[in-house]
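*Asks:* Below are the structure tokens for one structure; questions will follow.
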């Protein structure tokens, strides 16, 4: 197989006439697809993939167009050249080849991306996923989840299994290892959109209950400023809606219940004069409680007699006291929020302060609905709430999701020297604009001060 330098030399690209070099190089790239016949095609694809490292925007576009043209001649042969460089090429070539696949595959017609071609993409991607960075993993999940053959229930299930393997769910969780925590966050974030009533989250929910919840307070955050505990609880809440039959349901429900109790304080003891004996009332961490209560409510549906038959009378009484105390504080705060937002519309609701109050009202209303369910005799699990951080999605019929095309126009800038492929990059999970305020729930203090 000729190298890029040999190819250039054959076309006179290394000619002394400096002003002609660019034109000759571009002409060579344009003519390369003519040689893409038979067994030469994978070689041409390999060479073109190497040429993606160019920083000349005109050349970069020509290389992209040339790759697309031979893709339409022989998709399998072109993929052979691309994946050869992804697996064995230089870091910059690997990076741009992956981005080419993530942005250009979706532009190819169905007659090019046949079922056999998509199967080859899946097979080769699995090889690459044995050693990837966090960013590369996200790109490959974007590639694979866009394949038509993986849009089915069985296809989504394959992707979930792929993510579960990447997440190392068979291994013991190490809360003090930021790479371990980061990997779990990344993988779970990729898995969440795949779950549905037919594609269950059971393996992930089980792992979170058994391995992560008991270590919640000792988690090492991979991203400075991230409330890692809240992030984990949010993921668990989102997944709990799609949990199927769980092997150790009662055991895991008890672990979830015990963690919920940690954030549902008992009322402070009263002194003889009726005042609080302690210096301050317990903090009510609404954000955490929303996640835990929602998860408990979802899993509790699968074992509805947990509170009445699986807990002893003393524990049940203790839980109801905690619920009652929390509900009392909740009602006070809901009234405060409604009063503060009363009559405000339009731009008035768009201020930073009022946006926080709107989210706070969603959180407290959700908790209120769930607590009312648990106060029923026997406890009920029928109410439905939308988690406070979940956006209302309005997608027009026929509207396609906008996507970033990093391989058109000009080449992406070369990344500075960074971690090798075996050193996972930090992943910044998507978070709301106000998460820094809501994570610590600063507005709890106004409740405690009343």
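Every number in this text was worked out from the coordinates using simple rules, so none of it is lab data. Computed from a predicted model, the values in this text were never measured in an experiment. Virtual Cβ from ideal backbone geometry, glycine too; neighbours counted across all protein chains shown.
*Asks:* Along the Cα-to-C-beta direction of residue 380, a point sits 7 Å from the Cα; which residues of the stretch 304-327 have their amide N less than 16 Å from that point?
*Replies:* 304-305
*Asks:* Moving on. Taking the mean number of other Cβ atoms within 10 Å as a proxy for protection, how do you rank 131-140, 300-309 from highest to lowest?
*Replies:* Going from most to least packed, we get 131-140, 300-309.
*Asks:* Provide the gained length on full extension for the span residue 223 to residue 390, in nm with one decimal, where the gain is 0.36 nm per separating residue minus the Cα-Cα distance.
*Replies:* 57.9 nm is the gain from fully extending residue 223 to residue 390.
*Asks:* Highest first, please rank the peptides 55-67, 111-123 by the mean number of other Cβ atoms sitting within 10 Å of their residues.
*Replies:* Ranking the peptides 55-67, 111-123 by packing returns 55-67, 111-123.
*Asks:* Also: Compute the length gained on full extension between residue 373 and residue 55: take 0.36 nm times their separation in residues and subtract their Cα-Cα distance, giving the result in nm to one decimal.
*Replies:* Answer, rounded to one decimal: 108.4 nm.
*Asks:* Something else: If we sort 148-161, 229-242, 251-264, 177-190 on the protection proxy, mean other Cβ atoms within 10 Å, highest first, what's the order?
*Replies:* Descending mean neighbour count gives 229-242, 177-190, 251-264, 148-161.
*Asks:* Over the stretch 19-170, what per residue volume does the convex hull of the Cα atoms give, in whole Å³?
*Replies:* Convex hull volume per residue, Cα atoms: 107 Å³.
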